[in-house]
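Coordinate-derived values only; no laboratory data. All of these numbers come straight from a predicted model, not from anything done at the bench. Cβ placement follows ideal geometry from the backbone for every residue including glycine, while neighbour counts extend to all protein chains displayed.
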Amino acid sequence: MTSPCQEVLKRVGDLGAVPGTAGRILAALSDPRASATKVGSEISKDQGLTATVLRAANSSYYHASRQVRDLTEALVIVGYESVRDLVIGRLSRGAHSGSDPTQKILWKHALATALASQACARLVKGVTVSHAFTCGLLHDIGKAILNQAFPQEYGTVLKLSSTFADTTLEIERQRWGTDHAEVGGEVLKLWQLPPACEMTARLHHDLGAIPDLPDGQRRIVAMVALANEVASWTGRGMRPARPAAELADHPMLGVLGATRSVIDAMDAQISGEIAALEGIFG
Ligand SMILES: [Fe+2]
Ligand SMILES: [Fe+2]
């Protein structure tokens, strides 16, 4: 029997593998024997991704100091680790495509959460900055998928959940028998992204479960759960902005052994970089 979550994924179409070029590049990047030439030649087969890498190399986000037109040079400026972020960023951008206003709000929230996660990883030890960025970017991909599956209805659900005390997950489960955390987790598992990415999507709202996660997952999930709150709380989500200082007692700060100054750094990173990041992914 097909589960409600599988029904949602079927409605959206073939999500069984990371789409084409992106999958080959991610595979090449995880193969230590793969050369820069191989990665570059795979990227050059995809015009959209080539343009993204060039925009990144010319962006203030990567501290561009001169015009770069050549892909090989752009790869050197951006760096290998960031190429993975750009590939995954385009995957996530693809899931948020279309002119639907809900997708635009969700995409901005994804970018804001990625930046806040990145800022947190720079200050709190134990998680690679790039990994934090990726997991932050993908944490709500289940929302983008639900919005694709139920384009009119899902926007209404998000508005309802921003008005009433019911959480988004509860309303989603009432309507569709599944929620964006489960849908997102399943998609990232199908795409064979790192298990911590999948766990972040599944558990970013389940704050009580996070302290009991194994060492390799607890900090990254706590980081993204906090980043998600900072992004939403400061108006990069469905709700109006509230003072970030109100998050000073957030339980994930304890899990991370961090102080409230981390929240200010996360907010500042979003404000400082979100426009440049939006420019890179278009
Ligand atoms: Fe979420
Ligand atoms: Fe979120």
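Observations on the structure shown:
- Computed from label points 7 Å out along Cα-Cβ, the spacing between Val129 and Glu81 is 0.7 nm.
- Residues considered: Leu146, Leu158, Leu213. Largest GNM mean-square fluctuation over the chain, using C-alpha springs under 10 Å, is found at Leu213.
- Cross-link partners of Lys189 among lysines (Cα-Cα below 19 Å; sequence separation of 8 or more within a chain): Lys10, Lys143
- Helical segments meeting 30 Å axial Cα length and Kyte-Doolittle 0.0 threshold in the chain (DSSP H): 101-123
- Low-density loop cleavage sites - trypsin sites (Lys or Arg not before Pro) in region 1-89, where at most 15 other Cβ are within 10 Å (DSSP): Arg33, Lys45, Arg66, Arg69
- A straight Cα-to-Cα reach below 19 Å connects Lys38 with none of the lysines, residues fewer than 8 places away in its own chain not being considered.
- Label point at Ala245 placed 7 Å out along Cα→Cβ; residues across region 264-282 whose backbone nitrogen lies under 16 Å: 264-265, 267-268
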